[in-house]
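The structure appears right after this line, and notes come after that.
The values are calculated or read from the model by the stated rules, or taken from the named source; none is laboratory data. Everything numeric here is computed off the predicted structure, so don't read it as measured data. Cβ placement follows ideal geometry from the backbone for every residue including glycine, while neighbour counts extend to all protein chains displayed. These accessible areas exclude ligands, DNA and RNA; they are computed on the full protein's heavy atoms, side chains included. Shrake-Rupley method; radii C 1.70, N 1.55, O 1.52, S 1.80 Å.
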Amino acid sequence: MFKVLIADDEAFICERVVNNMPWKEIGFEVAGCASDGELALQMARESHPDVILTDILMPNMTGLELAQCLKSEFPHIKVALMSAYDDFQYAKEAIRFGVKGYLLKPIIRDEFIELFQGVANDLKQEAGRSSSSVNPLAVKTNGDRNAYVAVAKQYIAENYTERIKLEDVAERLHVNSNYFSTVFKRETGKNFIDYLNEVRIKESMNLLLHTDYKVFEISMSVGYGNFSYFNKIFKRLSGVTPQAYRESGGSAYRFKEDT
(Lines give C-alpha, C1' and ligand atoms only; values in the text may rest on other atoms or scores of the structure.)
Protein backbone atom coordinates (compact mmCIF):
# COMPACT_ATOMS: atom_id res chain seq x y z
CA MET A 1 0.00 0.00 0.00
CA PHE A 2 1.01 3.60 -0.53
CA LYS A 3 1.46 5.81 2.53
CA VAL A 4 -0.39 9.10 2.92
CA LEU A 5 0.12 11.86 5.47
CA ILE A 6 -2.71 14.24 6.40
CA ALA A 7 -2.04 17.87 7.42
CA ASP A 8 -4.77 20.10 8.85
CA ASP A 9 -4.82 22.37 11.90
CA GLU A 10 -8.37 21.34 12.73
CA ALA A 11 -8.29 18.00 14.55
CA PHE A 12 -11.85 17.07 13.70
CA ILE A 13 -11.11 17.53 9.99
CA CYS A 14 -8.15 15.17 10.22
CA GLU A 15 -10.27 12.64 12.07
CA ARG A 16 -13.02 12.76 9.48
CA VAL A 17 -10.63 12.46 6.55
CA VAL A 18 -8.84 9.52 8.17
CA ASN A 19 -11.94 7.62 9.25
CA ASN A 20 -14.56 8.46 6.63
CA MET A 21 -12.62 8.01 3.40
CA PRO A 22 -12.03 4.58 1.76
CA TRP A 23 -8.23 4.68 1.94
CA LYS A 24 -7.60 0.92 1.93
CA GLU A 25 -10.01 0.27 -0.92
CA ILE A 26 -7.93 2.46 -3.24
CA GLY A 27 -4.53 1.27 -1.99
CA PHE A 28 -3.52 3.71 0.75
CA GLU A 29 -2.77 3.63 4.45
CA VAL A 30 -2.66 6.75 6.62
CA ALA A 31 0.81 7.21 8.13
CA GLY A 32 -0.23 10.03 10.47
CA CYS A 33 -1.73 13.48 10.91
CA ALA A 34 0.04 16.82 11.33
CA SER A 35 -1.44 20.01 12.77
CA ASP A 36 0.58 22.39 10.57
CA GLY A 37 2.96 22.48 7.63
CA GLU A 38 6.16 22.49 9.68
CA LEU A 39 5.15 19.34 11.54
CA ALA A 40 4.06 17.73 8.27
CA LEU A 41 7.48 18.41 6.75
CA GLN A 42 9.20 16.94 9.79
CA MET A 43 6.98 13.86 9.67
CA ALA A 44 7.66 13.49 5.93
CA ARG A 45 11.39 13.33 6.69
CA GLU A 46 10.77 10.56 9.19
CA SER A 47 8.00 8.45 7.66
CA HIS A 48 8.65 9.03 3.92
CA PRO A 49 5.03 9.07 2.70
CA ASP A 50 4.11 8.70 -0.95
CA VAL A 51 1.41 11.38 -0.74
CA ILE A 52 0.54 14.33 1.50
CA LEU A 53 -3.00 15.66 1.64
CA THR A 54 -2.78 19.11 3.19
CA ASP A 55 -5.07 21.97 4.07
CA ILE A 56 -3.98 25.31 2.59
CA LEU A 57 -4.52 27.70 5.51
CA MET A 58 -2.54 26.50 8.53
CA PRO A 59 -0.38 28.24 11.17
CA ASN A 60 3.44 28.30 11.00
CA MET A 61 3.57 26.95 7.45
CA THR A 62 0.71 26.95 4.95
CA GLY A 63 -0.13 24.07 2.68
CA LEU A 64 1.27 25.93 -0.32
CA GLU A 65 4.52 26.63 1.51
CA LEU A 66 4.66 22.96 2.44
CA ALA A 67 4.14 22.01 -1.21
CA GLN A 68 7.00 24.31 -2.21
CA CYS A 69 9.34 22.73 0.36
CA LEU A 70 8.35 19.24 -0.70
CA LYS A 71 8.93 20.02 -4.37
CA SER A 72 12.50 21.04 -3.51
CA GLU A 73 13.34 18.39 -0.90
CA PHE A 74 11.15 15.43 -1.85
CA PRO A 75 10.08 15.88 -5.48
CA HIS A 76 8.79 12.31 -5.60
CA ILE A 77 6.14 12.94 -2.90
CA LYS A 78 2.74 13.73 -4.39
CA VAL A 79 0.79 16.62 -2.85
CA ALA A 80 -2.96 17.15 -2.85
CA LEU A 81 -4.66 20.20 -1.36
CA MET A 82 -7.93 20.67 0.49
CA SER A 83 -9.53 23.98 1.33
CA ALA A 84 -12.81 25.58 2.28
CA TYR A 85 -12.05 28.37 -0.21
CA ASP A 86 -12.44 28.04 -3.97
CA ASP A 87 -9.78 30.63 -4.73
CA PHE A 88 -8.27 30.78 -8.23
CA GLN A 89 -5.01 32.20 -6.84
CA TYR A 90 -4.59 29.11 -4.69
CA ALA A 91 -5.15 26.95 -7.75
CA LYS A 92 -2.48 28.82 -9.73
CA GLU A 93 0.02 28.42 -6.90
CA ALA A 94 -0.86 24.74 -6.61
CA ILE A 95 -0.08 24.20 -10.30
CA ARG A 96 3.26 25.98 -9.89
CA PHE A 97 4.27 23.58 -7.12
CA GLY A 98 3.17 20.47 -8.99
CA VAL A 99 0.16 19.69 -6.77
CA LYS A 100 -1.82 16.68 -8.02
CA GLY A 101 -5.30 17.84 -7.05
CA TYR A 102 -7.50 20.27 -5.16
CA LEU A 103 -10.41 19.14 -2.97
CA LEU A 104 -12.99 21.59 -1.63
CA LYS A 105 -14.31 21.16 1.89
CA PRO A 106 -16.53 19.52 2.84
CA ILE A 107 -14.86 16.78 0.81
CA ILE A 108 -17.19 14.88 -1.52
CA ARG A 109 -16.48 11.15 -1.42
CA ASP A 110 -16.66 10.61 -5.19
CA GLU A 111 -14.27 13.50 -5.86
CA PHE A 112 -11.89 12.12 -3.24
CA ILE A 113 -11.94 8.65 -4.82
CA GLU A 114 -11.40 10.04 -8.31
CA LEU A 115 -8.40 12.11 -7.19
CA PHE A 116 -6.65 9.41 -5.18
CA GLN A 117 -7.28 6.66 -7.71
CA GLY A 118 -5.46 8.90 -10.17
CA VAL A 119 -2.60 9.46 -7.71
CA ALA A 120 -2.35 5.71 -7.08
CA ASN A 121 -2.13 5.06 -10.82
CA ASP A 122 0.64 7.65 -11.15
CA LEU A 123 2.58 6.05 -8.30
CA LYS A 124 2.24 2.57 -9.83
CA GLN A 125 3.43 3.80 -13.22
CA GLU A 126 6.41 5.57 -11.67
CA ALA A 127 7.29 2.47 -9.66
CA GLY A 128 7.26 0.45 -12.86
CA ARG A 129 9.52 2.91 -14.65
CA SER A 130 11.92 3.02 -11.70
CA SER A 131 12.24 -0.75 -11.49
CA SER A 132 13.01 -0.99 -15.20
CA SER A 133 15.57 1.83 -15.33
CA VAL A 134 17.20 2.12 -11.92
CA ASN A 135 17.68 -0.66 -9.41
CA PRO A 136 16.49 0.74 -6.07
CA LEU A 137 18.77 0.09 -3.13
CA ALA A 138 17.33 -2.21 -0.49
CA VAL A 139 19.30 -3.77 2.36
CA LYS A 140 18.81 -4.35 6.07
CA THR A 141 19.37 -1.23 8.15
CA ASN A 142 21.50 -2.97 10.81
CA GLY A 143 20.26 -0.62 13.51
CA ASP A 144 21.25 2.67 11.86
CA ARG A 145 19.02 5.53 12.91
CA ASN A 146 18.47 6.47 9.31
CA ALA A 147 17.74 3.77 6.75
CA TYR A 148 19.01 5.90 3.87
CA VAL A 149 22.44 6.08 5.47
CA ALA A 150 22.52 2.35 6.16
CA VAL A 151 21.66 1.59 2.55
CA ALA A 152 24.23 4.09 1.27
CA LYS A 153 26.96 2.54 3.45
CA GLN A 154 26.11 -0.90 2.13
CA TYR A 155 26.17 0.37 -1.43
CA ILE A 156 29.58 1.97 -0.92
CA ALA A 157 30.95 -1.22 0.66
CA GLU A 158 29.85 -3.21 -2.39
CA ASN A 159 30.70 -0.68 -5.11
CA TYR A 160 33.62 1.46 -3.88
CA THR A 161 35.74 0.22 -6.81
CA GLU A 162 33.33 1.92 -9.21
CA ARG A 163 32.68 5.58 -9.91
CA ILE A 164 30.28 6.70 -7.16
CA LYS A 165 28.64 10.10 -6.87
CA LEU A 166 26.38 11.31 -4.10
CA GLU A 167 23.78 12.32 -6.68
CA ASP A 168 23.70 8.78 -8.11
CA VAL A 169 23.14 7.21 -4.70
CA ALA A 170 20.42 9.75 -3.87
CA GLU A 171 18.69 8.95 -7.17
CA ARG A 172 18.72 5.24 -6.39
CA LEU A 173 17.24 6.02 -2.98
CA HIS A 174 14.61 8.24 -4.65
CA VAL A 175 15.44 11.24 -2.44
CA ASN A 176 16.64 14.77 -3.05
CA SER A 177 20.46 14.89 -3.17
CA ASN A 178 20.71 17.92 -0.85
CA TYR A 179 18.51 16.23 1.72
CA PHE A 180 20.51 13.00 1.46
CA SER A 181 23.79 14.90 1.89
CA THR A 182 22.46 16.59 5.04
CA VAL A 183 21.19 13.32 6.51
CA PHE A 184 24.43 11.49 5.73
CA LYS A 185 26.54 14.18 7.43
CA ARG A 186 24.22 14.29 10.44
CA GLU A 187 24.22 10.53 10.96
CA THR A 188 27.91 9.77 10.23
CA GLY A 189 29.65 13.03 11.14
CA LYS A 190 31.30 12.91 7.71
CA ASN A 191 30.59 14.26 4.26
CA PHE A 192 29.70 11.58 1.71
CA ILE A 193 32.96 11.95 -0.22
CA ASP A 194 35.04 11.81 2.97
CA TYR A 195 33.36 8.59 4.02
CA LEU A 196 33.89 7.10 0.56
CA ASN A 197 37.58 8.08 0.64
CA GLU A 198 38.04 6.38 4.02
CA VAL A 199 36.55 3.15 2.74
CA ARG A 200 38.77 3.20 -0.33
CA ILE A 201 41.97 4.10 1.51
CA LYS A 202 41.44 1.45 4.19
CA GLU A 203 41.04 -1.18 1.48
CA SER A 204 44.13 0.10 -0.31
CA MET A 205 46.10 -0.28 2.94
CA ASN A 206 45.05 -3.91 3.12
CA LEU A 207 46.14 -4.48 -0.48
CA LEU A 208 49.47 -2.73 0.05
CA LEU A 209 50.32 -5.07 2.93
CA HIS A 210 48.92 -8.33 1.62
CA THR A 211 49.43 -8.26 -2.16
CA ASP A 212 52.24 -7.64 -4.60
CA TYR A 213 50.21 -5.30 -6.78
CA LYS A 214 51.94 -2.13 -7.84
CA VAL A 215 50.78 1.04 -6.12
CA PHE A 216 49.14 2.48 -9.24
CA GLU A 217 47.30 -0.84 -9.76
CA ILE A 218 45.95 -0.66 -6.22
CA SER A 219 44.92 2.92 -6.84
CA MET A 220 42.77 1.85 -9.78
CA SER A 221 41.40 -1.23 -8.02
CA VAL A 222 39.92 0.83 -5.15
CA GLY A 223 38.25 3.36 -7.43
CA TYR A 224 40.84 6.09 -8.07
CA GLY A 225 41.42 6.67 -11.77
CA ASN A 226 43.83 9.51 -10.97
CA PHE A 227 47.02 8.19 -9.34
CA SER A 228 48.13 11.61 -8.07
CA TYR A 229 44.78 12.15 -6.38
CA PHE A 230 45.03 8.72 -4.75
CA ASN A 231 48.47 9.63 -3.35
CA LYS A 232 47.14 12.93 -2.06
CA ILE A 233 44.14 11.38 -0.27
CA PHE A 234 46.21 8.51 1.09
CA LYS A 235 48.79 10.84 2.63
CA ARG A 236 46.12 13.14 4.01
CA LEU A 237 44.44 10.30 5.83
CA SER A 238 47.48 8.26 6.88
CA GLY A 239 50.26 10.82 7.15
CA VAL A 240 52.52 8.88 4.78
CA THR A 241 52.65 7.95 1.11
CA PRO A 242 51.37 4.55 -0.06
CA GLN A 243 54.90 3.36 -0.76
CA ALA A 244 56.13 4.46 2.68
CA TYR A 245 53.20 2.69 4.27
CA ARG A 246 54.03 -0.54 2.43
CA GLU A 247 57.73 -0.37 3.28
CA SER A 248 56.99 0.20 6.97
CA GLY A 249 54.72 -2.83 7.08
CA GLY A 250 51.87 -0.61 8.13
CA SER A 251 53.53 0.74 11.25
CA ALA A 252 54.52 4.23 10.11
CA TYR A 253 51.13 5.84 9.99
CA ARG A 254 48.17 7.00 12.00
CA PHE A 255 44.86 6.92 10.20
CA LYS A 256 43.33 10.38 10.34
CA GLU A 257 39.62 9.83 9.92
CA ASP A 258 37.92 12.92 8.53
CA THR A 259 35.38 14.54 10.82
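Please count how many residues of the stretch 55-76 are within 25 Å of the chain's Cα centre (by Cα) and either buried (at least 17 other Cβ atoms within 10 Å of the Cβ) or in a helix (DSSP H, G or I) (or both). Explain how you work it out, then say what you get.
The first filter runs over the stretch 55-76 and keeps only residues within 25 Å of the chain's Cα centre (by Cα), leaving 55, 60-76.
Restricting the remaining residues to those that are either buried (at least 17 other Cβ atoms within 10 Å of the Cβ) or in a helix (DSSP H, G or I) (or both) gives 55, 61-74.
The number of residues fulfilling the criteria is 15.
With open to solvent by less than 60 Å² (accessible area, probe 1.4 Å), assigned to a strand (DSSP E or B), closer than 20 Å to CYS14 by Cα and touching a strand residue (DSSP E or B) at 6+ places or on another chain (Cβ under 8 Å) as the only criterion, which of VAL79, VAL99 stands out? Quick ask: steps written out before the conclusion?
Numbers: VAL99 fails: assigned to a strand (DSSP E or B).
Exactly one of VAL79, VAL99 is open to solvent by less than 60 Å² (accessible area, probe 1.4 Å), assigned to a strand (DSSP E or B), closer than 20 Å to CYS14 by Cα and touching a strand residue (DSSP E or B) at 6+ places or on another chain (Cβ under 8 Å), namely VAL79.
Would you list the helices (runs of 4 or more DSSP H) that sit entirely within the stretch 161-249 and hold 2 or more residues that are more than 30 Å from LEU70 (Cα to Cα) and among the hydroxyl-bearing types (Ser, Thr, Tyr)? It would help to see each step written out before you state the result.
Working: elements: 166-173, 177-188, 192-210, 215-221, 227-238, 242-247.
By residue number, 215-221, 227-238.
For the stretch 14-52, name all the residues that are in a helix (DSSP H, G or I) and touching a Cys at 6+ places or on another chain (Cβ under 7 Å). Can you show your working first?
Residues of the stretch 14-52 in a helix (DSSP H, G or I): 14-20, 24-26, 37-47.
The answer is CYS14, VAL18, LEU41.
Quick check on this structure: which one of LYS214, LYS190, LYS235, LYS165 is in contact (Cβ under 8 Å) with a residue 12 or more places away in the chain, of a type in the set (D, E, K, R) and on the phi < 0 side of the Ramachandran plot? Lay out the reasoning, then the answer.
Values: LYS214 fails: in contact (Cβ under 8 Å) with a residue 12 or more places away in the chain; LYS235 fails: in contact (Cβ under 8 Å) with a residue 12 or more places away in the chain; LYS165 fails: in contact (Cβ under 8 Å) with a residue 12 or more places away in the chain.
After ruling out the rest, the residue left standing is LYS190.
Check off (1) of a type in the set (Val, Ile, Thr); (2) in contact (Cβ under 8 Å) with a residue 40 or more places away in the chain; (3) farther than 26 Å from ASP110 by Cβ for THR62 and give me the number that stays unchecked.
Status for THR62: all satisfied but (2).
For residues that are among the small types (Gly, Ala, Ser) and either open to solvent by 30 Å² or more (accessible area, probe 1.4 Å) or within 20 Å of GLU46 (Cα to Cα) (or both), tally how many sit in the stretch 180-208.
So the first thing to find is which residues in the stretch 180-208 are among the small types (Gly, Ala, Ser), and the list is 181, 189, 204.
The next check asks that each one be either open to solvent by 30 Å² or more (accessible area, probe 1.4 Å) or within 20 Å of GLU46 (Cα to Cα) (or both); those that pass are 181, 189.
Residues in the stretch 180-208 being among the small types (Gly, Ala, Ser) and either open to solvent by 30 Å² or more (accessible area, probe 1.4 Å) or within 20 Å of GLU46 (Cα to Cα) (or both): 2 in total.
Test SER177 against the stated conditions and say whether it is among the hydroxyl-bearing types (Ser, Thr, Tyr) and modelled with pLDDT under 75.
Numbers: among the hydroxyl-bearing types (Ser, Thr, Tyr): yes; modelled with pLDDT under 75: no.
Considered against the rule, which asks whether it is among the hydroxyl-bearing types (Ser, Thr, Tyr) and modelled with pLDDT under 75, SER177 comes out as no.
For the stretch 176-187, state whether one or more residues are in contact (Cβ under 8 Å) with a residue 12 or more places away in the chain and more than 22 Å from ALA152 (Cα to Cα).
The answer is no, given that none of the residues of the stretch 176-187 is in contact (Cβ under 8 Å) with a residue 12 or more places away in the chain and more than 22 Å from ALA152 (Cα to Cα).
Can you spot a residue in the stretch 27-38 that is at positive phi and surrounded by 18 or more Cβ atoms within 10 Å (Cβ to Cβ)? Write out each step before concluding.
First pass over the stretch 27-38, keeping only residues at positive phi: 27, 32.
Restricting the remaining residues to those that are surrounded by 18 or more Cβ atoms within 10 Å (Cβ to Cβ) gives 32.
Yes - at least one qualifying residue is present in the stretch 27-38.
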